[in-house]
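> First the structure, which I've put down as structure tokens, then a few questions once you've had a look.
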Amino acid sequence: MQRQPVLDVLRGFLLLMMTMTHLPTVWSSSLGQPLGFISAAEGFVFLSAFLAGKVFIERQQVLGVAAATQWMFGRALRLYLFHLALLALAFTLVAWIATTFDRPAARNLLHFYLHSPHRAMLGGAVLAYQPPLLDILPMYILFLVGTPVVMRITARHGWAIVLSVSVTVWVAAQFGLRRAMYGLVSKAVGWDIPLAETGAFDLFAWQFLWVLGLWFGGMGFGHARTVLASGGRVLHLALATACAMLFWRHYSGPMGFEDGARHLFWIDKWTLSPVRIVNLAALVLVFLGFGAGLLNRTRLPGLELLGRASLWVFVAHIATALVLLCLVGVDDQLLSGWLGVVALVIGYGALFAVAAAVRNVRGRSTLSASSSPPHPIRRPT
């Protein structure tokens with residue numbers, strides 16, 4: 001798939017949003033969802049699925065299903081190795097600082113590991129134990145592994161049946177499917193990892209977003225462009241919806257409702273509640289209608305740099321957030337003032353430093369490959 005600068009810029013922007021959300025500063029809550037009831041996680045999952053779907057289809061058409069599946073599993077394996085590296089950082093350096101210097105924020109993040117280290121290490125290795133900040137990569141890995149199955153089903157039976165099943169599971173997730181399945185698995189296999197330690201993301205809900213992204217990469221993108229080109233009503237409705245969500249978010253705060261129960265049902269991030277789906281759909285249509293063309297005419301080299309090395313930058317932002325969490329003192333108060341500014345400088349500086357390092361390494365590799373002499377052609381004798 002040919003690289004598209006617009007998508008790199010979009011990924012770079014999402015990485016900046018995600019970093020602000022995860023850095024332990026007093027500004028993370030107010031600035032973590034600037035575009036409405038939508039976080040960087042929704043955008044990143046949808047965009048990742050969109051690209052995975054496009055790449056899978058292109059490889060399948062050129063090299064076959066086996067080659068496309070092999071690429072997808074290779075991508076999942078790479079993410080799994082990064083996941084193990086982040087677990088190792090958390091279980092060694094971060095755990096040592098948390099216990100030695102009494103850092104309650106870091107200690108709470110690793111509560112299960114500090115209480116049951118052997119179970120936590122085994123659970124982390126099989127993607128069952130997922131501490132906060134370390135629950136995003138496991139979700140990606142599982143979705144990538146399941147993508148070839150989804151794509152083969154769509155090739156045989158079409159997208160309608162896949163989308164229908166995905167929507168049904170998402171609806172069930174809004175009414176406690178995850179907790180029910182956890183109870184069944186616990187009884188069947190003697191599961192001894194608490195539900196709260198299995199990750200904040202409800203995979204039964206978030207699979208819907210991944211399937212939507214795959215569909216969008218497969219055929220939805222063309223349909224959306226056709227609908228937008230046929231008239232301005234859809235785009236105007238999407239723009240009005242996005243503006244309404246933006247106003248609601250900043251007027252009422254990230255909760256949306258004073259009643260916590262209403263927030264959990266309509267806006268909750270972890271179960272990908274309905275308001276978030278509507279908000280994301282509106283923003284995607286607005287981006288296709290206005291944003292993509294604007295970005296095509298505007299160069300944003302800093303964001304493009306981050307997007308080109310998105311996986312490495314993503315891992316760097318998680319590693320940096322884990323270490324910076326150790327700066328939160330015994331009062332367990334988020335960083336503010338000059339210390340908060342230092343955390344922001346370190347957090348964002350790490351992103352660009354890693355992205356620049358990746359660019360330099362890739363540049364040297366490309367230069368080395370282009371300067372090596374071509375293999376001689378051996379003529380048959």
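The values are calculated or read from the model by the stated rules, or taken from the named source; none is laboratory data. Keep in mind that this is a model prediction, so the values were computed, not measured. Ideal geometry is used to build each Cβ from the backbone, glycine not excepted, and the neighbour counts take in all protein chains shown. With ligands, DNA and RNA removed, areas are computed over all heavy atoms of the protein, side chains included. Shrake-Rupley method; radii C 1.70, N 1.55, O 1.52, S 1.80 Å.
> Give the separation of the Cα centroids, region 276-301 to region 71-129, in Å.
First find each Cα centre; the distance between them is then 35 Å.
> So what is the 222 nm mean residue ellipticity for the chain from helices alone, if each DSSP H run of at least 4 adds -39500 (n - 2.57) and you divide by all residues, rounding to the nearest 500 deg cm²/dmol?
Rounded to the nearest 500, it is -23000 deg cm²/dmol.
> Hey, if we sort L212, L184 by accessible area with the 1.4 Å probe, largest down, what's the order?
Ranked from most to least accessible, the order is L184, L212.
> Taking every alpha carbon pair in region 188-251, what does the distance histogram look like in 5 angstrom bins from 0, in percent?
Whole-percent P(r) values from 0 Å outward: 4, 13, 10, 12, 17, 16, 10, 6, 5, 5, 2, 0.
> Find which of T298, T320, V286 sits farthest along the positive direction of the dipole of the chain, computed with +1 on the beta-carbon of Lys and Arg, -1 on that of Asp and Glu, about the Cα centre.
Towards the positive end, the residue furthest out is T298.
> Distance in nm between label sites at R297 and V189, each 7 Å beyond Cα in the beta-carbon direction?
5.4
> Please report, in whole Å, how far the alpha carbons of the chain spread along each principal axis, starting with the longest.
73, 58, 50
> Counting alpha carbon pairs within less than 8 Å and at least 6 residues apart, what relative contact order, in whole percent, applies to the chain?
Relative contact order here is 31 percent.
> Right, next: Evaluate E = 1/(1 + (r/R0)^6) for S116 and R3, where r is the Cβ-Cβ distance and R0 equals 45 Å; express this FRET efficiency to the nearest 0.05.
Taking R0 as 45 Å, the efficiency between S116 and R3 is 0.50.
> Working with all protein chains in place, sort I97, I346, I193 by solvent-accessible area computed with a 1.4 Å probe, largest first.
Ranking I97, I346, I193 by accessible area, largest first, yields I346, I97, I193.
> Here is a follow-up. Translational D (Stokes-Einstein, µm²/s) of region 134-223 at 20 °C and 1.002 mPa s when Rh comes from the Kirkwood sum over C-alpha pairs?
In µm²/s, the coefficient is 149.
> Another one. Kindly rank 59-72, 16-29, 106-119 from highest to lowest mean number of other beta carbons found within 10 Å of each residue.
The peptides rank, most packed first, as 16-29, 106-119, 59-72.
> Now for a separate question. Ranking request for peptides 228-236, 354-362: highest mean number of other beta-carbon atoms within 10 Å first, then the rest in descending order.
Highest mean packing first, the order is 354-362, 228-236.
> When the Karplus curve 6.51 cos²θ - 1.76 cosθ + 1.60 is applied with θ = phi - 60°, which whole-Hz ³J(HN,Hα) does each residue of region 119-132 get, with x for Gly and Pro?
So the Karplus estimates, Gly and Pro as x, are 5, 5, 5, 5, x, x, 5, 9, 6, 8, 8, 9, x, x Hz.
> Can you give the accessible area per residue of region 253-324, in Å², using a 1.4 Å probe?
Spelled out: the 1.4 Å probe surface of region 253-324, per residue, equals 45 Å².
> Pop out the carbon and sulfur fraction of the accessible area of the chain as a percent, whole number, probe 1.4 Å.
68
> With an 8 Å cut-off on Cα pairs and a minimum separation of 6 or more residues, tell me the relative contact order of region 1-153 in percent.
Averaging sequence separation for qualifying contacts and normalising by length gives 21 percent for region 1-153.
> Would you mind putting 217-224, 142-149 in packing order, based on average other-beta-carbon counts within 10 Å, highest first?
142-149, 217-224
> Let me ask you something else. Can you check how the C-alpha radius of gyration of region 71-112 compares to 2.2 N^0.38 Å, as a plain ratio?
Here the answer is 1.51, to two decimals.
> Just the projected area, averaged over all directions, of the convex hull on the alpha carbon atoms of region 64-219: how many nm²?
It is 10.5 nm².
> Counting just the Cα atoms, what span does region 260-337 cover along each of its three principal axes? Round to the nearest Å and put the largest first.
Between the extreme Cα coordinates on each principal axis of region 260-337 lie 49, 39, 25 Å.
> For V126 and Q70, compute 0.36 nm times the residue count separating them, minus their Cα-Cα distance, and round to one decimal in nm.
18.1 nm
> In nm, what is the difference between 0.36 nm times the number of residues separating S30 and V171 and their Cα-Cα distance?
Value of the extension gain: 47.9 nm.
> So for region 1-66, considering every pair of alpha-carbon atoms, how many percent are separated by more than 15 Å?
So the pairs more than 15 Å apart make up 60 percent of the total in region 1-66.
> How large is the accessible surface of H250 in square angstrom, using a 1.4 angstrom probe and rounding to the nearest 10?
Result for H250: roughly 100 Å² accessible.
> Related question: Dividing the alpha-carbon Rg of region 2-144 by 2.2 N^0.38 Å yields what?
Dividing the Cα Rg of region 2-144 by 2.2 N^0.38 Å gives 1.23.
> Next question. What full-extension length gain, to one decimal in nm, is calculated for L339 and A357 as 0.36 nm per residue of separation minus the Cα-Cα distance?
Here the answer is 3.8 nm.
> Something else now. Using each residue's phi in region 201-210, evaluate 6.51 cos²θ - 1.76 cosθ + 1.60 at θ = phi - 60° and report the 3J(HN,Hα) Karplus result to the nearest Hz, with x for Gly and Pro.
Going residue by residue, I get 6, 7, 5, 5, 8, 6, 4, 4, 5, 5 Hz, with x marking Gly and Pro.
> Can I ask one more? What ranking of L294, L335 comes out by heavy-atom accessible area, probe 1.4 Å, highest first?
The ranking, largest first, comes out as L294, L335.
> Further, regarding this structure: Express the Stokes-Einstein translational diffusion coefficient of region 215-373 in µm² s⁻¹, to the nearest whole number, given a Kirkwood radius over alpha-carbon pairs, 10 °C and a viscosity of 1.306 mPa s.
80
> Same structure, new question: Which whole-number percent gives the relative contact order of region 155-279, counting Cα pairs below 8 Å spaced six or more residues apart?
That works out to 27 percent.
> Any idea what the alpha-carbon Rg over 2.2 N^0.38 Å comes to for region 231-280?
Normalised Rg, Cα atoms only: 1.24.
> Would you pull out the residues with amide H under 5 Å of L335's amide H, same chain only if 5 or more places away, H placed 1.01 Å from N?
T25, V26
> Projecting each Cα onto the charge dipole of the chain (Lys/Arg +1, Asp/Glu -1 at the beta carbon, about the Cα centre), which of S166, Q4, V234 comes out farthest on the positive side?
Value: Q4.
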